[in-house]
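One structure is given below, encoded as structure tokens.
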């Protein structure tokens, strides 16, 4: 897994974005999230429990706690009430991306290089639109995927441009769980250390 700084990824645009009502909601809430130090991962309306608005988000360092979800929910609810993009009663559900997360930014591919993922493309790439395999390298234009089960005659490694991605997510493995938990622990420790440092500064003042 490769490391990137929070500063590098804080204002990074998403490769995969919503359409229709989901896009309108994303446009409404994203500025609120950014101001709070969070990044939007995905917005999705579903028929679950009547009608549910699912907002998937995370801190710029990749962490997300239950308290963070509550904080985001309290912040976006009044904004959605004012803008009123949904003309029916709905449930608001704020969550973290999870370990087998959607991949929506270039930094996601860099961060989880070496891990298994699956993706769909909007155009044919090397004769197909669905892929599954390990991320072996990433550059500005796209990434290279080592297929876990290449068909007869297919190259083992395929280059997929970011511009072609319609959906992508990590595949849950023991290695991914280990690395994700380690990264989460490291990020939370760094944040706690930074908060302690800021508290000491305020005491001095």
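Could you tell me whether region 50-165 comes out rounded, prolate or oblate from its Cα gyration tensor? Rule is a ≥ b ≥ c as square roots of the eigenvalues, rounded for a/c under 1.5, then prolate if a/b exceeds b/c, otherwise oblate. Verdict is prolate for region 50-165. Taking every C-alpha pair closer than 8 Å and separated by at least 6 residues, the mean separation divided by the residue count of the chain gives a relative contact order of 20 percent.
Roughly what angle does helix 66-83 make with the longest principal axis of the chain, taking Cα atoms, 0 to 90 degrees, to the nearest 10? Tilt of helix 66-83: around 80 degrees.
Taking 0.36 nm per residue of sequence separation and removing the Cα-Cα distance, the residue 192/residue 90 pair yields an extension gain of 33.2 nm. Relative to the longest principal axis of the Cα atoms of the chain, the long axis of helix 20-36 makes an angle of roughly 60 degrees. Remark: 99, 160 ranked as 99, 160, counting other beta-carbon atoms within 10 Å and listing the fewest first. Tell me the angle of helix 174-204 to the major Cα principal axis of the chain, expressed in degrees between 0 and 90 and rounded to the nearest ten. Tilt of helix 174-204: around 30 degrees.
Please state the shape class of the chain: rounded when a/c is under 1.5, otherwise prolate if a/b exceeds b/c and oblate if not, all from the C-alpha gyration tensor. Mind dumping the intermediate values first?
Numbers: a/c = 2.20, a/b = 1.28, b/c = 1.72.
Oblate shape, in that a/c is at least 1.5 and b/c is the bigger or equal ratio.
For region 111-205, the square roots a ≥ b ≥ c of the C-alpha gyration tensor eigenvalues yield an a/c of 1.5 or more together with a/b exceeding b/c, which makes the shape prolate. Name the most mobile residue of 178, 14, 132, meaning the one with the largest mean-square fluctuation, in a Gaussian network model of the chain with Cα contacts below 10 Å. Of 178, 14, 132, the Gaussian network model singles out 178 as fluctuating most.
Between 184, 81, 22, the Gaussian network model of the chain with springs among Cα atoms under 10 angstrom shows the greatest mean-square fluctuation at 81.
Calculate the length of the line joining the C-alpha centroid of region 134-157 to that of region 65-129, in whole Å. Cα centroid to Cα centroid, the span is 24 Å.
Helical content alone sets the calculated 222 nm signal of the chain at -12000 deg cm²/dmol, taking -39,500 (n - 2.57) per DSSP H segment of four or more residues and averaging over every residue. Counting every other Cβ atom within 10 Å of each residue's Cβ, 121, 19, 57 order from fewest to most as 19, 121, 57.
Subtracting the Cα-Cα distance of residue 159 and residue 185 from 0.36 nm times their residue separation leaves 6.1 nm of extension gain. Mean-square fluctuations from a GNM of the chain, with a 10 angstrom spring cutoff on Cα atoms, peak among 157, 43, 16 at 157.
Read the figures in this text as sums done on the coordinates, not as results from a lab. Keep in mind that what you see is a predicted model, and the values were worked out from it rather than measured. Backbone-built Cβ (ideal geometry, glycine too); neighbour counts: all protein chains shown.
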